[in-house]
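S.K.: Mind looking over this structure? Questions follow.
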Amino acid sequence: MSNEELANLATRLGGSLATRQKSVEITVSPDKVLQACMTVSSIPGLYHLTTITGLDLGEEIGLLYHFWQGRGFVVVRTAVPKANPKLQSISGPLPSATLYEAEIQDLLGVSFEGNPYLGKKLLLPDNYPAEAPPPLRKEADPDKIRKMMELE
Amino acid sequence: MPFGPVHPSLKEPEYFKLILEGERIVQVIPRIGYVHRGIERAAQERTWVKNIYLFERICGICSFAHSLGYTHAVEALTPFEVPKRARYIRVIVAELERIHSHLLWLGLLGHWAGFDTLFMWIWKDREHILDLEEAITGNRVHKSYSTFGGVRMDLPDGIAAKLKSEMKYIEKRVDYYESLVSTEETMTVRTRGVGRISQETARRLSPVGPLLRCTGIARDIRAEDPYAAYDEVVPRVQTSNDGDIASLLTIRLNEIRESCWMVSEAVERLPTGPYKVNIPRAVPRGESMFHVEAPRGELFYFVKSGGGSAPERVKIRTSTIANLLVATEMLKGHTLADVPVVLTGMDPCFGCMDRISILDVDKSREWTVGGEELRKYGIEYYKRSSE
Amino acid sequence: MANFRFGLTQWARKRSIWVFHVNAASCNGCDIEILAALTPRYDAERLGVELVPSPRHADVLLVTGTINPLMRDRLKTVYEQVPEPRHVVAIGACALGGGVYKDCYNAGRGIDAVIPVDLYIPGCPPRPEAVIYGILKLVTGSPPDTIEGEKAIVK
């Protein structure tokens, strides 16, 4: 997909475009993520979703959907508020996203509505303390978590 | 669909839950986490250099691929260029690792299929590769060899001739193994037509590495997005069209051959010059992404630097998690006897076979089984069906 | 801590050491060196060391890994299935004291917090020679080795 087409997509979705060393990034609001991902992945050669990265940005949790298109990465970027970390899952139309979203559910406490692992654990032990914040959040303290799980 | 009362088995972590109807597997639910340690979080509390030692220990089999992914991702945040000689040396060690990993896999496949002699012979030959790795890096498994700006030390004197002769040896052995696996009934009956996946499934589920290439899709990060010296020592991407375990065998055997050629080629054309460039400890602010072709497929690193002495965030996507859903698809329609070979086909970390939970819908029975029990069951099953 | 020992006569009669290997959340580095010890270059089998498919047949349990919460119960269960006299060997830095993960939120600090250990083999991973040396040392009746230095750092 050319940069021009991507720029048009960004404008259509009310977002912005940024070109970096190895990637082009479209930033959109959480409710536009599904649409952005479907458009980006429908371009020939862009069916490969490498992964989804979650980032604790303080008040928000950033989400980066990395698509590899054979010549560069196209990243769909968004952020959800920590106070209400919810958005729609893309695993229905793009099933390769299932485990990547599930990982972020476990480690950052984001809810991807429609993901089959919502409410279940993929990575974390079942006895992960309910009072402890998800482990990749800044407020999580690994030592405290260890003590709560009796890991000595 | 309704099924009767289920008697829960021991509450233990299972890597896979298999749901059976009659003899056939109809659904597979993975639950990973038995090796979850908390590495991405720990990385935020370690310096940039210390993290090299942490990340390479994510996996003992593709340890160098991890250190390559990480060091490249961090180098991308700096204005420094890795010297040519270092890039060639990185290719040599990365391809040696690919050979050792594929040989390891092939031996294990033999073991799971009941061909233990093959396992012993292959692992004996694999020692040649480990000797080379030890001569170059000082270690057999966790080599800590890639560092920011290049490699930790230069190649030892006289290694060039040794590398070339060992590559010739391995190529001969690969020819021999290929003749074995394509004629020995123990292997052929358990791999041909087994675990078939289609290109359509591959497009839907985004697998990586040999699992992707066995459907005929010729994608390899070394060719598509060259790093280190892969722009000059270019691999020929190996594919196959049948999408079954036999295809995976063909691809991995050919990849070993290709890697042998690449090592010899890299040695032949090895540039002179420094083996590393010094990079200051402070890593500039920014975000970077890097992917490498590990033996099992695309390995992805995302690194965020806030300018401090430790990374703000490192996100790692291993090849196994990318292939997990495809592996579950591969199992559908098969019987328990095929589980060991099909699961091994995706080249998982082999602890994963430790515990598999089975839910038999018809008999309303749920139980767990260990990898070894399944292996024996599979061998017996195929023996009986050949009688 | 249990301090069982194989008697020399017992071993001489058996002439074989049956080991069961448990991966308790390891990176596989130690596991592949243990397997390598059984392959022709190192050939632990000529010394009578055999890998068995079930803990119920084992004399010695070889344990690797960081023993995260998901694996603790499984390790205990496996240990209980090994008939007496049973021996446990902790292999690798992770099994000894958590290794490079000792401050991670989901990793333990040594398997001896879960089951009694008779012998420790340090390394990351230990070479196949070290694995064989350790198992033989256990079986020929010398006292268990504790790696005081590593434990001191962890505590």
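The values are calculated or read from the model by the stated rules, or taken from the named source; none is laboratory data. Please read all numbers here as calculations on a predicted model, not as lab measurements. All Cβ positions, even for glycine, are placed from backbone atoms using ideal geometry, and neighbour counts span all protein chains on display.
S.K.: Residues that are within 14 Å of another protein chain (Cβ to nearest Cβ) and out of contact with any Cys (no Cβ under 9 Å at 6 or more places or on another chain): find the helices (runs of 4 or more DSSP H) completely inside the stretch B:300-387 holding 3 or more of those. Explain how you work it out, then say what you get.
M.R.: Details: elements: B:319-331, B:339-345, B:371-385.
Once the helices (runs of 4 or more DSSP H) in the stretch B:300-387 are filtered for at least 3 residues that are within 14 Å of another protein chain (Cβ to nearest Cβ) and out of contact with any Cys (no Cβ under 9 Å at 6 or more places or on another chain), what remains is B:319-331, B:371-385.
S.K.: Sort out which residues of the stretch A:107-137 are of a type in the set (D, E, K, R) and either more than 9 Å from chain B (Cβ to nearest Cβ) or crowded, with 23+ Cβ neighbours inside 10 Å (or both), and write them in order of number. Before you say what the answer is, go through the steps one by one.
M.R.: Initial filter on the stretch A:107-137 (of a type in the set (D, E, K, R)): A:113, A:120-121, A:126, A:131, A:137.
Those that are of a type in the set (D, E, K, R) and either more than 9 Å from chain B (Cβ to nearest Cβ) or crowded, with 23+ Cβ neighbours inside 10 Å (or both): A:Glu113, A:Glu131, A:Arg137.
S.K.: Has the stretch B:86-108 got at least one residue that is within 13 Å of chain C (Cβ to nearest Cβ), among the polar types (S, T, N, Q) and touching an Asp or Glu at 6+ places or on another chain (Cβ under 6 Å)?
M.R.: Taking every residue of the stretch B:86-108 in turn, none turns out to be within 13 Å of chain C (Cβ to nearest Cβ), among the polar types (S, T, N, Q) and touching an Asp or Glu at 6+ places or on another chain (Cβ under 6 Å).
S.K.: If C:His87 meets every condition in (1) farther than 16 Å from C:Pro125 by Cα; (2) surrounded by fewer than 24 Cβ atoms within 10 Å (Cβ to Cβ) apart from one, which number is that one?
M.R.: Only one criterion is unmet by C:His87, namely (2).
S.K.: So which of B:Thr78, B:Thr71 is crowded, with 18+ Cβ neighbours inside 10 Å and within 13 Å of another protein chain (Cβ to nearest Cβ)? Lay out the reasoning, then the answer.
M.R.: Working: B:Thr71 fails: within 13 Å of another protein chain (Cβ to nearest Cβ).
Of B:Thr78, B:Thr71, the one residue that is crowded, with 18+ Cβ neighbours inside 10 Å and within 13 Å of another protein chain (Cβ to nearest Cβ) is B:Thr78.
S.K.: Identify the single condition in (1) at pLDDT 90 or above; (2) not in a loop (DSSP other than H, G, I, E, B) that C:Arg74 does not satisfy, given that it satisfies every other one.
M.R.: Every condition holds for C:Arg74 apart from (1).
S.K.: Within the stretch B:24-53, count every residue that is more than 26 Å from B:Leu343 (Cβ to Cβ), at the interface with another protein chain (Cβ under 8 Å from one of its Cβ atoms), buried (at least 20 other Cβ atoms within 10 Å of the Cβ) and not charged (D, E, K, R).
M.R.: Residues that pass the stated criteria total 1.
S.K.: Next question, about the same structure. Does the stretch A:78-88 contain any residue that is within 14 Å of chain B (Cβ to nearest Cβ) and crowded, with 20+ Cβ neighbours inside 10 Å?
M.R.: Checked the stretch A:78-88: no residue is within 14 Å of chain B (Cβ to nearest Cβ) and crowded, with 20+ Cβ neighbours inside 10 Å.
S.K.: Would you mind finding the one in A:Val40, A:Val80, A:Val74 that is among the aliphatic types (A, V, I, L, M) and at pLDDT 95 or above? Quick ask: steps written out before the conclusion?
M.R.: On the way: A:Val40 fails: at pLDDT 95 or above; A:Val74 fails: at pLDDT 95 or above.
Going through A:Val40, A:Val80, A:Val74 in turn, the sole match is A:Val80.
S.K.: Only residues that are buried (at least 18 other Cβ atoms within 10 Å of the Cβ), of a type in the set (Val, Ile, Thr) and outside any strand (DSSP E or B): list them for the stretch A:36-55, please.
M.R.: Passing the criteria: A:Thr39, A:Val40.
S.K.: Could you give every pair whose Cβ atoms fall below 7 Å, whose first residue belongs to the stretch B:272-298 and is within 14 Å of chain A (Cβ to nearest Cβ) and over 18 Å from B:Tyr88 (Cα atoms), and whose second residue is part of a strand (DSSP E or B) and charged (D, E, K, R), counting only separations of at least 6 or pairs across chains?
M.R.: Close Cβ pairs satisfying both conditions: B:Glu287/B:Lys304.
S.K.: If you go through the stretch B:82-94 one residue at a time, do you hit one that is free of Cβ contacts under 8 Å to residues at least 60 places away in the same chain, out of contact with any His (no Cβ under 9 Å at 6 or more places or on another chain) and of a type in the set (A, V, I, L, M, F, W, C)?
M.R.: Just the residues of the stretch B:82-94 that are free of Cβ contacts under 8 Å to residues at least 60 places away in the same chain, to begin with: B:93.
Restricting the remaining residues to those that are out of contact with any His (no Cβ under 9 Å at 6 or more places or on another chain) gives B:93.
After this cut, where a residue has to be of a type in the set (A, V, I, L, M, F, W, C) as well, the list is B:93.
Yes, the conditions are met somewhere in the stretch B:82-94.
S.K.: While we're here: Restricting the search to the stretch A:90-114, which residues are in contact with a Pro (Cβ under 6 Å, 6 or more places away or on another chain) and either assigned to a strand (DSSP E or B) or within 21 Å of B:Leu325 (Cα to Cα) (or both)? It would help to see each step written out before you state the result.
M.R.: Taking the stretch A:90-114 first, the residues in contact with a Pro (Cβ under 6 Å, 6 or more places away or on another chain) are A:107-110.
Passing the criteria: only A:Leu107.
S.K.: Restricting to the stretch C:93-126, and then to whatever is assigned to a loop (DSSP other than H, G, I, E, B) and touching a Phe, Trp or Tyr at 6+ places or on another chain (Cβ under 6 Å), can you tell me which residue is nearest to the other protein chains (Cβ to nearest Cβ)? It would help to see each step written out before you state the result.
M.R.: So the first thing to find is which residues in the stretch C:93-126 are assigned to a loop (DSSP other than H, G, I, E, B), and the list is C:98, C:102-110, C:114-118, C:122-126.
Right, trim to touching a Phe, Trp or Tyr at 6+ places or on another chain (Cβ under 6 Å) and you get C:107, C:115.
Working: C:Ala107: 5, C:Ile115: 14 Å.
That would be C:Ala107.
S.K.: Given (1) more than 12 Å from every other protein chain (Cβ to nearest Cβ); (2) over 18 Å from B:Gly107 (Cβ atoms); (3) among the acidic types (Asp, Glu), where does B:Glu133 come up short, assuming only one miss?
M.R.: (2)
S.K.: Please specify each residue of the stretch B:250-284 satisfying the condition of being within 16 Å of B:Asp154 (Cβ to Cβ) and not in a loop (DSSP other than H, G, I, E, B).
M.R.: B:Ala266, B:Val267, B:Lys276
Per-residue answers, yes or no, for (1) in a loop (DSSP other than H, G, I, E, B); (2) surrounded by fewer than 17 Cβ atoms within 10 Å (Cβ to Cβ):
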| position | (1), (2) |
| --- | --- |
| C:Phe20 | no, no |
| C:Ser26 | yes, no |
| C:Ile32 | no, no |
| C:Tyr42 | yes, no |
| C:Arg46 | no, yes |
| C:Arg56 | no, yes |
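A quick yes/no check of all residues on (1) under 22 Å from C:Gly92 (Cβ atoms); (2) charged (D, E, K, R); (3) modelled with pLDDT under 95; (4) part of a helix (DSSP H, G or I):
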| residue | (1), (2), (3), (4) |
| --- | --- |
| B:Ala86 | no, no, no, yes |
| B:Ile89 | no, no, no, yes |
| B:Val93 | no, no, no, yes |
| B:Arg98 | no, yes, no, yes |
| B:Leu109 | no, no, yes, yes |
| B:Glu127 | yes, yes, no, yes |
| B:Glu133 | yes, yes, no, yes |
| B:Ile136 | no, no, no, yes |
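S.K.: Moving on. Looking at this structure, is A:Glu103 of a type in the set (Asp, Glu) and either more than 9 Å from every other protein chain (Cβ to nearest Cβ) or over 22 Å from B:Glu329 (Cα atoms) (or both)? Please lay out each step first, then the result.
M.R.: Working: of a type in the set (Asp, Glu): yes; either more than 9 Å from every other protein chain (Cβ to nearest Cβ) or over 22 Å from B:Glu329 (Cα atoms) (or both): no.
No; evaluated as a whole, the condition is false for this residue.
S.K.: Under 6 Å between Cβ atoms, which residue pairs at least 6 apart in sequence (or on different chains) link something in the stretch B:233-244 that is closer than 13 Å to B:Asp220 by Cβ with a partner that is assigned to a loop (DSSP other than H, G, I, E, B)?
M.R.: B:Val237/B:Ala218; B:Val237/B:Asp220; B:Thr239/B:Gly216; B:Thr239/B:Ala218
S.K.: Kindly indicate which of B:Thr188, B:Thr215, B:Thr239, B:Thr201 is among the hydroxyl-bearing types (Ser, Thr, Tyr), more than 14 Å from chain A (Cβ to nearest Cβ) and crowded, with 17+ Cβ neighbours inside 10 Å.
M.R.: Working: B:Thr188 fails: crowded, with 17+ Cβ neighbours inside 10 Å; B:Thr215 fails: more than 14 Å from chain A (Cβ to nearest Cβ); B:Thr201 fails: more than 14 Å from chain A (Cβ to nearest Cβ).
The conditions single out B:Thr239.
S.K.: Identify, by number, the condition in (1) more than 11 Å from every other protein chain (Cβ to nearest Cβ); (2) in a helix (DSSP H, G or I) that B:Tyr230 doesn't meet.
M.R.: Among (1) more than 11 Å from every other protein chain (Cβ to nearest Cβ); (2) in a helix (DSSP H, G or I), B:Tyr230 violates only (2).
S.K.: Of all residues in the stretch A:83-105, how many are charged (D, E, K, R) and either at pLDDT below 95 or under 30 Å from A:Gln21 (Cβ atoms) (or both)?
M.R.: Restricting attention to the stretch A:83-105, the residues satisfying the condition of being charged (D, E, K, R) are A:86, A:101, A:103.
Narrowing the set further to residues that are either at pLDDT below 95 or under 30 Å from A:Gln21 (Cβ atoms) (or both) leaves A:101, A:103.
Number satisfying all stated conditions: 2.
S.K.: Which one is surrounded by the most Cβ atoms within 10 Å (Cβ to Cβ), of the residues in the stretch B:299-334 that are of a type in the set (Lys, Arg) and free of Cβ contacts under 8 Å to residues at least 40 places away in the same chain?
M.R.: Initial filter on the stretch B:299-334 (of a type in the set (Lys, Arg)): B:304, B:313, B:315, B:317, B:332.
Then drop every residue that is not free of Cβ contacts under 8 Å to residues at least 40 places away in the same chain, which leaves B:304, B:317.
On the way: B:Lys304: 20, B:Arg317: 23.
Restricting to residues being of a type in the set (Lys, Arg) and free of Cβ contacts under 8 Å to residues at least 40 places away in the same chain, the top hit is B:Arg317.
S.K.: A follow-up question, please. For the stretch C:33-50, give me each residue that is in contact with a Leu (Cβ under 7 Å, 6 or more places away or on another chain) and at the interface with chain B (Cβ under 9 Å from one of its Cβ atoms).
M.R.: If the condition is that a residue be in contact with a Leu (Cβ under 7 Å, 6 or more places away or on another chain) and at the interface with chain B (Cβ under 9 Å from one of its Cβ atoms), then C:Leu38 is the only one that fits.
S.K.: Does C:Thr9 satisfy the condition of being surrounded by fewer than 24 Cβ atoms within 10 Å (Cβ to Cβ) and modelled with pLDDT of 90 or more? Before you say what the answer is, go through the steps one by one.
M.R.: Working: surrounded by fewer than 24 Cβ atoms within 10 Å (Cβ to Cβ): yes; modelled with pLDDT of 90 or more: no.
It is false that C:Thr9 is surrounded by fewer than 24 Cβ atoms within 10 Å (Cβ to Cβ) and modelled with pLDDT of 90 or more.
S.K.: So in the stretch A:56-89, with the set limited to residues that are assigned to a strand (DSSP E or B) and hydroxyl-bearing (Ser, Thr, Tyr), which one is nearest to B:Phe300 (Cα to Cα)? Let's see the steps before the verdict.
M.R.: If we filter the stretch A:56-89 for residues that are assigned to a strand (DSSP E or B), which is where we start, we get A:56, A:60-68, A:73-81, A:86-88.
Among the residues that remain, those that are also hydroxyl-bearing (Ser, Thr, Tyr) are: A:65, A:78.
Numbers: A:Tyr65: 13, A:Thr78: 20 Å.
Across the stretch A:56-89, the extreme among qualifying residues is A:Tyr65.
S.K.: Against the definition (in the same structural domain as B:Lys276 (by TED's automatic domain parsing) and touching a strand residue (DSSP E or B) at 6+ places or on another chain (Cβ under 7 Å)), how does B:Thr137 come out, yes or no? Talk me through it step by step, then tell me what you get.
M.R.: On the way: in the same structural domain as B:Lys276 (by TED's automatic domain parsing): yes; touching a strand residue (DSSP E or B) at 6+ places or on another chain (Cβ under 7 Å): no.
Spelling it out, it is not the case that B:Thr137 is in the same structural domain as B:Lys276 (by TED's automatic domain parsing) and touching a strand residue (DSSP E or B) at 6+ places or on another chain (Cβ under 7 Å).
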